[in-house]
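These notes are about the structure you will find just below.
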Amino acid sequence: MSERKNYDVIVIGAGPGGLTAALYAARANLKVVILDRGIYGGQMNNTAGIDNYPGFVDIQGPELGEKMYQTAMNAGAEFAYGDVQSIEQDGNKKIVKTDSGEYEAGAVVIATGAVHKHLGVAGEEEYAGKGVSYCAVCDAAFFRDEDVAVIGGGDSAIQEGLYLAQSAKSVTVIHRRDQLRAKAELQQKAFENKKMKFIWNAQTEEIVGDGNKVTAVKYKDKETGEEKEVKVAGVFIYVGIQPQTAVFKDLGITDEQGWILTDNNMRTKVKGIFALGDVRAKELRQIATAVGEGSIAGQEVYNYYQGLNEK
Ligand code: NAP
């Protein structure tokens, strides 16, 4: 077995929040490693134009991720691949076990974010990758000049729907209510876009295919009870997100839905374990909020070490 590696701080998750926490901790002269099971950047890698992060009028998600990564690396943080399996405690030490080795530190910052939920209807799993997708940026190119559907009415559904509308023939938003949840400016853009269509009060019941690929979405009109179908080649599902916290369950730091509870300084109830960004129980999930919380967490880790040193 490979040797356990020692750090002052282990940041789990290399999205905007995790990269910022690492930046602040590294600038405070702490030895920092950022662990991620994939490439750094987090959800920014699946986001096209970002126009609500101050300082950048319009920037592609992966490019912003690259810049944030470079900033953290320049400050002295390290990056390592690893799929975290558990955090164990040994006195004041935390041991983080991954599929590719073990890490030890006095402080751990959890920034594992959230993932898109599945709808749970017939055909969804069967046609995953054959017309069913959770990532417009990744898959839009497969549906050039085709009719596609987006399921959901939040910011993700409308933002990604608008992205799809750039190349698809049409984008039909299938929503379970008669008004969108998405922010007003996204709604306005969507209603003004001639390629965007809307089906209201529609409960999606099945994703239909021919055995090889998606051909339609079956839904129930909630007002009339009628079963209807809309013919599409692709279905993009954006019905909310869920936290990536399954491996932290035993620490007792999550609420009933799995979101991590912290105080205003990003401290969980376990001393030396901090959390930030989309994985926290909170209202506003944005790159800007993740970055803000990352800076607080990075500084708080430094304060934590100062406190420990005084004892
Ligand atoms: P969300 O805000 O939770 O919206 C989920 C949408 O899916 C809602 O419209 C909901 O309908 C619908 N839905 C949920 N369960 C469903 C089901 N079983 N069947 C059919 N429809 C269902 O999720 P999100 O859009 O992924 O956004 C997640 C977070 O990221 C939010 O905080 C959002 O503000 C943020 N975000 C921000 C931006 C941006 O600022 N540009 C972009 C993306 C995401 P109801 O409306 O009826 O509940």
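The values are calculated or read from the model by the stated rules, or taken from the named source; none is laboratory data. Keep in mind the model is a prediction, meaning the values are calculated, not measured. Neighbour counts are summed over all protein chains in view; Cβ atoms, including those assigned to glycine, are modelled from backbone coordinates with ideal geometry. Each accessible area value is taken on the protein alone, full model and side chains, heavy atoms only, with ligands, DNA and RNA left out. Shrake-Rupley method; radii C 1.70, N 1.55, O 1.52, S 1.80 Å.
Looking at segment 204-217 only, could you name the residues that are within 28 Å of the chain's Cα centre (by Cα) and either under 14 Å from V173 (Cα atoms) or acidic (D, E) (or both)? Matches in segment 204-217: T204, E205, E206, A216, V217. When the residues of segment 91-101 are narrowed to those that are open to solvent by 30 Å² or more (accessible area, probe 1.4 Å) and in contact (Cβ under 8 Å) with a residue 12 or more places away in the chain, which ends up nearest to the ligand (Cβ to nearest atom)? Result: D99.
Listed by first and then second residue, the pairs linking a residue in segment 114-126 that is on the phi > 0 side of the Ramachandran plot to a residue that is modelled with pLDDT of 95 or more and acidic (D, E), with Cβ atoms under 6 Å apart and 6 or more places separating them unless they lie on different chains, are G123/E206. For segment 28-61, the set of residues classified as more than 16 Å from the ligand (Cβ to nearest atom) and either in a helix (DSSP H, G or I) or among the charged types (D, E, K, R) (or both) consists of K31, D36, R37, listed by residue number. Determine whether segment 190-204 contains at least one residue that is touching a His at 6+ places or on another chain (Cβ under 8 Å) and modelled with pLDDT under 95. No: zero hits. Of all residues in segment 200-224, count the ones that are in a loop (DSSP other than H, G, I, E, B) and not aromatic (F, W, Y). Residues in segment 200-224 being in a loop (DSSP other than H, G, I, E, B) and not aromatic (F, W, Y): 8 in total.
If the requirement is being within 8 Å of the ligand (Cβ to nearest atom), in contact (Cβ under 8 Å) with a residue 12 or more places away in the chain, in contact with a strand residue (DSSP E or B) (Cβ under 7 Å, 6 or more places away or on another chain) and in a loop (DSSP other than H, G, I, E, B), which of these qualifies: R181, R176?
Values: R181 fails: in contact with a strand residue (DSSP E or B) (Cβ under 7 Å, 6 or more places away or on another chain).
Testing whether each residue is within 8 Å of the ligand (Cβ to nearest atom), in contact (Cβ under 8 Å) with a residue 12 or more places away in the chain, in contact with a strand residue (DSSP E or B) (Cβ under 7 Å, 6 or more places away or on another chain) and in a loop (DSSP other than H, G, I, E, B) leaves just R176.
I'm trying to understand the selection: among the residues of segment 186-199, which are in a loop (DSSP other than H, G, I, E, B) and open to solvent by 100 Å² or more (accessible area, probe 1.4 Å)? If the condition is that a residue be in a loop (DSSP other than H, G, I, E, B) and open to solvent by 100 Å² or more (accessible area, probe 1.4 Å), then K194 is the only one that fits. Answer yes or no: is there a residue in segment 290-310 that is within 16 Å of the ligand (Cβ to nearest atom), aliphatic (A, V, I, L, M) and outside the structural domain of A136 (by TED's automatic domain parsing). Checked segment 290-310: at least one residue is within 16 Å of the ligand (Cβ to nearest atom), aliphatic (A, V, I, L, M) and outside the structural domain of A136 (by TED's automatic domain parsing).
Given the options T112, T98, name the one that is within 30 Å of G292 (Cβ to Cβ) and touching a Pro at 6+ places or on another chain (Cβ under 8 Å). First the steps, then the outcome.
Working: T98 fails: touching a Pro at 6+ places or on another chain (Cβ under 8 Å).
Step by step, each of T112, T98 is checked, and only T112 is within 30 Å of G292 (Cβ to Cβ) and touching a Pro at 6+ places or on another chain (Cβ under 8 Å).
Across segment 281-295, the number of residues qualifying as closer than 20 Å to D255 by Cβ, surrounded by fewer than 24 Cβ atoms within 10 Å (Cβ to Cβ) and at pLDDT 95 or above comes to 3.
With modelled with pLDDT of 95 or more, at negative phi and touching a strand residue (DSSP E or B) at 6+ places or on another chain (Cβ under 7 Å) as the only criterion, which of A136, A111, A75 stands out? Write out each step before concluding.
Details: A136 fails: modelled with pLDDT of 95 or more; A75 fails: touching a strand residue (DSSP E or B) at 6+ places or on another chain (Cβ under 7 Å).
Residue meeting the stated conditions: A111.
Scan segment 126-158 residue by residue and report those that are within 21 Å of N212 (Cβ to Cβ), within 16 Å of the ligand (Cβ to nearest atom) and not hydrophobic (A, V, I, L, M, F, W, C). Listed by number, the residues that qualify are S133, Y134. Can you go through K183, K130 and tell me which one is surrounded by fewer than 16 Cβ atoms within 10 Å (Cβ to Cβ) and of a type outside the set (F, W, Y)? None of the others qualify; the one that does is K183.
Give the residue that is farthest from K183 (Cα to Cα), with candidates limited to residues of segment 54-71 that are in contact with a strand residue (DSSP E or B) (Cβ under 7 Å, 6 or more places away or on another chain) and either surrounded by 16 or more Cβ atoms within 10 Å (Cβ to Cβ) or not charged (D, E, K, R) (or both). Full working, then the answer.
Restricting attention to segment 54-71, the residues satisfying the condition of being in contact with a strand residue (DSSP E or B) (Cβ under 7 Å, 6 or more places away or on another chain) are 56, 58-61, 64.
Subset that is either surrounded by 16 or more Cβ atoms within 10 Å (Cβ to Cβ) or not charged (D, E, K, R) (or both): 56, 59-61, 64.
Numbers: F56: 20, I59: 20, Q60: 20, G61: 20, L64: 23 Å.
Looking at the filtered set, the residue picked out is L64.
Against the criterion of being part of a helix (DSSP H, G or I), surrounded by 14 or more Cβ atoms within 10 Å (Cβ to Cβ) and among the aliphatic types (A, V, I, L, M), V239 does not qualify. The residue that is nearest to the ligand (Cβ to nearest atom), among those in segment 246-260 that are exposed (fewer than 15 other Cβ atoms within 10 Å of the Cβ) and assigned to a loop (DSSP other than H, G, I, E, B), is Q257.
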